[in-house]
Amino acid sequence: MSALSLRAAPANALLRPGLDLNGPWHQIVDPYDTGFYDYRLQPYDAAAQPQGGFFLDQRPRAETDLIEYSFDASPTLAVPGDWNSQDGRLLYYEGTVWYRRLFDYTPSGPNSRLFLSFGAANYEADVYLNGHKLGRHVGGFTPFAFEATSLLKPSGNSLVVRVNNRRLREGVPTIMTDWWNYGGLTREVRLVEVPATFIAEWAVHLASGARDRIAVRVRLEGAQPVQKITVSIPELSLTAESTTGSDGVAALELAAPGLALWSPDHPKLYTVNVAAGNDRLTDEIGFRTIVVRGSDILLNGQPVFLRGICLHEENPLRGGRAYSPADASQLLGWARELNCNFLRLAHYPHNEHMARLADKLGLLLWEEIPVYWAITWDNPDTLANARAQLAELIGRDQNRASVIIWSVANETPVSEARTRFLRRLIDDARALDGTRLVSAAMEVRADPADADHKIVDDPLGEFTDLQSFNEYIGWYDGLPEKIARIHWTIARDKPVIVSEFGADAVQGMHAGVNTRFSEEFQEQVYRLTLPMLDKIPQFRGCTPWILCDFRSPRRVLPKIQDGWNRKGLIGENGRKKKAFDVLKAYYAHFLHASEAAGPPAKNQR
Ligand code: GCB
């Protein structure tokens with residue numbers, strides 16, 4: 001396992017025994033960070049004997065005590081959930097909110113270890129248990145955990161988390177994005193109980209180049225790293241054993257004749273068990289191969305066309321972050337109605353339920369980290385932050401058959417520093433997981449001598465498996481009539497996935513095809529773009545922008561945008577726009593051909 005995968009926390013927090021800490025948490029909105037810094041701007045938690053700070057969760061014991069906050073008397077917020085959509089006063093709030101939850105817990109054995117595990121907290125989280133700091137995590141969309149073993153009491157534990165979603169120039173993402181900066185404990189929180197030595201990571205997939213051999217890697221954490229490992233797949237009557245080395249790592253292979261491969265047509269999952277000493281885990285795992293050959297994408301050896309759509313992690317009907325299995329079924333259900341077999345989970349890692357449901361439904365996924373637009377490419381902390389987010393995402397989803405692409409960036413400006421930064425991430429993705437494709441959503445260049453000639457030659461394309469680019473011809477670039485005239489020069493013989501195109505439309509607003517924000521304008525962009533893309537010889541799929549309207553503070557036009565990006569095929573009211581049917585009909589032509597048989601001949605479309 002690579003040096004990067006140093007997670008010291010238990011793998012699969014959601015699947016482990018412990019205590020669910022979801023529900024109402026008391027919260028204090030703290031725009032001046034009064035609970036974090038004293039009046040000389042020194043952090044309370046850095047003092048040897050902290051005298052103040054909300055993490056102490058104090059109550060006055062005598063009438064003379066002066067304590068100017070009270071979690072007990074403060075209102076609550078639901079966890080998981082963003083704060084913006086739960087309280088109208090917090091819709092635009094960017095800053096600190098303190099969360100507190102009291103709980104009791106008696107471990108099941110004397111040698112157990114306990115971890116506080118967070119699905120995600122946007123953007124920065126400081127975690128304290130019973131007045132002691134456990135640590136800080138940076139990055140709003142990936143899981144993290146802190147060990148709590150020595151601080152936990154059987155009753156009356158006080159868990160305090162300071163969550164701060166201030167945007168930072170050197171952050172990942174940086175200060176300028178086109179989505180809502182939802183803050184809070186946006187995903188599940190759990191207390192997880194594991195044995196003294198536990199499984200920190202396990203990767204299960206087909207052995208390189210094989211279709212009937214399964215490779216498993218396991219990494220243990222704890223005082224006794226040398227343990228017997230048993231992996232079994234009961235449905236196939238398979239069992240294999242090995243022993244971890246002094247580094248806690250074991251790799252083993254199982255011959256699996258008769259293994260049914262996972263595909264969108266047949267999303268077969270097997271129950272896979274792993275036992276290591278006293279620890280055990282069970283998961284539902286599918287097996288498939290994904291490779292590129294020339295300009296084809298081969299799924300289980302057969303060319304596949306990716307009928308995709310982009311999505312934000314937002315439930316438009318609620319106007320808030322999506323976080324639950326119910327949100328996932330709403331969003332993926334709409335994508336299936338559109339005849340999709342592929343989704344781009346833009347622009348940051350979505351919650352784990354999305355990939356788990358995609359595994360079950362047979363949807364292929366592109367997952368991405370928020371390296372978006374104008375990142376500080378020369379800042380080593382920014383790079384370390386992006387690398388950590390990528391490693392955390394891969395660590396979480398490496399056993400999801402649905403995930404076929406790791407994407408390291410979106411629409412980044414070409415420069416040497418940028419390419420160096422992104423190459424590092426691409427190398428990481430391949431070192432952490434050699435079984436998937438690596439991409440980035442790049443940009444298109446205009447030919448100064450010919451307005452209708454588009455060039456795709458970003459030097460980054462040399463290092464990615466796909467040539468993916470976003471284009472907005474007909475919306476930011478001319479009017480829809482321009483689309484039919486476009487011709488392309490695409491530098492490399494690699495599969496082309498058009499990772500965005502689209503136009504804004506207000507659901508229910510009807511006018512002519514050249515009236516901005518009308519459904520007809522958007523419909524026209526889709527009608528003309530799909531045949532234009534079909535002419536690109538390497539065209540192997542697309543993910544138009546985007547399934548649903550989504551909140552964005554950049555979109556201020558009254559009565560039209562009102563804080564929403566309107567490029568959704570579905571409005572914030574859940575109603576479909578005309579372009580939905582255009583894309584759905586285009587994708588329907590591929591449905592009749594077998595999923596793995598590739599694009600039908602042009603005249604079949
Ligand atoms: C883009 C971005 C996406 C924006 C979209 C737009 O190119 O990748 O995040 O929301 O354009 O609507 O402008």
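The values are calculated or read from the model by the stated rules, or taken from the named source; none is laboratory data. All values reported here derive from a predicted model rather than from experimental measurement. Counting neighbours? That spans all protein chains shown, and the Cβs are built from the backbone with ideal geometry, glycine included. Side chains are part of the model used for accessible areas, which takes the heavy atoms of the whole protein and leaves out ligands, DNA and RNA. Shrake-Rupley method; radii C 1.70, N 1.55, O 1.52, S 1.80 Å.
Overview of values
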{"quantity": "Extreme residue, least open to solvent (accessible area, probe 1.4 Å), among residues of region 63-92 that are among the β-branched types (V, I, T) and within 35 Å of the chain's Cα centre (by Cα)", "calculated": "V79"}
{"quantity": "Y128, sole failed condition from (1) open to solvent by 50 Å² or more (accessible area, probe 1.4 Å); (2) assigned to a strand (DSSP E or B); (3) touching a residue at least 24 places away in the same chain (Cβ under 8 Å)", "calculated": "(1)"}
{"quantity": "Within region 177-235, strands (runs of 3 or more DSSP E) holding 2 or more residues that are among the aromatic types (F, W, Y)", "calculated": "198-206"}
{"quantity": "G95 vs. criteria touching a helix residue (DSSP H, G or I) at 6+ places or on another chain (Cβ under 6 Å) and either at negative phi or surrounded by 14 or more Cβ atoms within 10 Å (Cβ to Cβ) (or both)", "calculated": "no"}
{"quantity": "Close pairs from region 441-461: first among the basic types (K, R), partner within 15 Å of the ligand (Cβ to nearest atom), Cβ under 6 Å, at least 6 apart", "calculated": "K454/V444"}
{"quantity": "Whichever residue in region 500-522 is away from the ligand (no atom under 16 Å from the Cβ) and of a type in the set (A, V, I, L, M, F, W, C) and, among such residues, is farthest from A346 (Cα to Cα)", "calculated": "A511"}
{"quantity": "Given (1) open to solvent by 60 Å² or more (accessible area, probe 1.4 Å); (2) hydrophobic (A, V, I, L, M, F, W, C); (3) farther than 30 Å from V304 by Cβ, number of the condition A255 does not satisfy", "calculated": "(3)"}
{"quantity": "Residue identified as touching a residue at least 24 places away in the same chain (Cβ under 8 Å), open to solvent by less than 10 Å² (accessible area, probe 1.4 Å), more than 16 Å from the ligand (Cβ to nearest atom) and not polar (S, T, N, Q) among I497, I490, I570, I536", "calculated": "I536"}
{"quantity": "Per-region count, region 515-533, residues surrounded by 18 or more Cβ atoms within 10 Å (Cβ to Cβ) and without any contact (Cβ under 8 Å) to a residue 24 or more places away in the chain", "calculated": "1"}
{"quantity": "In region 545-561, residue least open to solvent (accessible area, probe 1.4 Å) [restricted to those that are without any contact (Cβ under 8 Å) to a residue 12 or more places away in the chain and either more than 15 Å from the ligand (Cβ to nearest atom) or part of a strand (DSSP E or B) (or both)]", "calculated": "P558"}
{"quantity": "Selection within region 444-470 - surrounded by 15 or more Cβ atoms within 10 Å (Cβ to Cβ) and assigned to a loop (DSSP other than H, G, I, E, B)", "calculated": "V444, D457, D458, F463, T464, D465, L466"}
{"quantity": "Verdict on F198 being within 16 Å of the ligand (Cβ to nearest atom) and crowded, with 22+ Cβ neighbours inside 10 Å", "calculated": "no"}
{"quantity": "Considering residues of region 5-62 that are under 35 Å from the mean Cα position of the chain (by Cα) and among the basic types (K, R) only, the residue least open to solvent (accessible area, probe 1.4 Å)", "calculated": "R16"}
{"quantity": "Residue that is nearest to the ligand (Cβ to nearest atom), among those in region 156-195 that are of a type in the set (V, I, T) and either open to solvent by 10 Å² or more (accessible area, probe 1.4 Å) or modelled with pLDDT under 95 (or both)", "calculated": "T177"}
